[in-house]
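This report concerns only the one structure given below.
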Amino acid sequence: MEILGFIIVAAVGYLLGAIPFAVIIAKMRGVDIFKVGSGNPGATNVKRSCGKTAGNICFVLDALKGFVATMFPVFSPYLGVTFSYPEYLPYAGLVAAVVGHSFSIFIGFKGGKGVSTAIGGLFGVMWGAILIALIIWLVVFYSTRYVSLASIAMAATLPVAAAFLYNDGIRLYIAVALCVVVIIRHRSNIVRLFKGTENRF
């Protein structure tokens with residue numbers, strides 16, 4: 001049941017994360033999100049291309065799917081499903097949701113950077129660390145106006161905050177893994193930052 005539970009939670013997390021809200025919202029506005037702005041199907045590009053309201057809705061929905069994927073095994077007993085070792089499964093849901101968002105089966109395994117979805121999921125399992133990381137995001141963003149740099153700084157802060165706040169290894173390992181994923185997904189932004197060609201928000 002342990003393996004089956006992991007597979008179920010990971011599958012649910014991936015499918016939730018794979019819902020391409022950026023593509024859907026942009027299409028409702030008559031916009032092909034892949035052909036405007038940065039071409040990235042994420043909340044930031046939706047906000048740039050479709051307006052502040054659309055971008056904020058996209059952010060909330062992307063964060064919500066991460067939160068639901070993470071909390072699914074916690075609330076599954078209320079749905080009549082009980083998993084073995086449920087204390088570890090939320091992390092599987094979180095990682096799967098971020099992977100699904102970044103490599104969505106619904107849009108040819110393309111996707112966003114995973115930041116919004118990770119934020120939503122992290123509020124379910126390590127809200128203290130993500131709050132600290134979000135403060136760093138705000139400081140970096142409002143001092144530079146670079147969303148990408150703020151997101152990278154937030155990702156880098158997360159493992160440090162987790163190491164200080166928690167004494168269990170699983171949250172630190174997940175924080176490190178998410179940090180690596182977010183930074184890798186921002187590799188093109190990092191190149192543009194070094195070249196001085198990255199767009200400010």
Q) How many residues are touching a residue at least 60 places away in the same chain (Cβ under 8 Å) and under 19 Å from VAL180 (Cβ atoms) when one looks only at the range 118-146? A) 1
Q. What's the number of the condition TYR91 fails, among (1) under 14 Å from the mean Cα position of the chain (by Cα); (2) in the same structural domain as ILE33 (by TED's automatic domain parsing); (3) within 27 Å of GLY39 (Cβ to Cβ)?
A. (3)
Q: Please enumerate the residues belonging to the range 180-201 that are buried (at least 16 other Cβ atoms within 10 Å of the Cβ), in contact (Cβ under 8 Å) with a residue 60 or more places away in the chain and within 26 Å of CYS50 (Cα to Cα).
A: VAL182, ARG185, HIS186
Q. Any chance the range 2-15 includes a residue that's charged (D, E, K, R) and at pLDDT 95 or above?
A. no
Q: Mind listing just one residue for me: the one in the range 32-52 that is out of contact with any helix residue (DSSP H, G or I) (no Cβ under 9 Å at 6 or more places or on another chain) and part of a helix (DSSP H, G or I) and, of those, farthest from LEU193 (Cα to Cα)?
A: LYS52
Q) Mind checking whether some residue in the range 171-185 is outside the structural domain of VAL68 (by TED's automatic domain parsing), of a type outside the set (Phe, Trp, Tyr), touching a Cys at 6+ places or on another chain (Cβ under 8 Å) and closer than 20 Å to ASN45 by Cβ? A) no
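The values are calculated or read from the model by the stated rules, or taken from the named source; none is laboratory data. Please read these numbers as outputs of a predicted model, since none were measured by experiment. Heads up, the Cβs are rebuilt from the backbone with ideal geometry, glycines too, and the neighbour counts pull from every protein chain shown.
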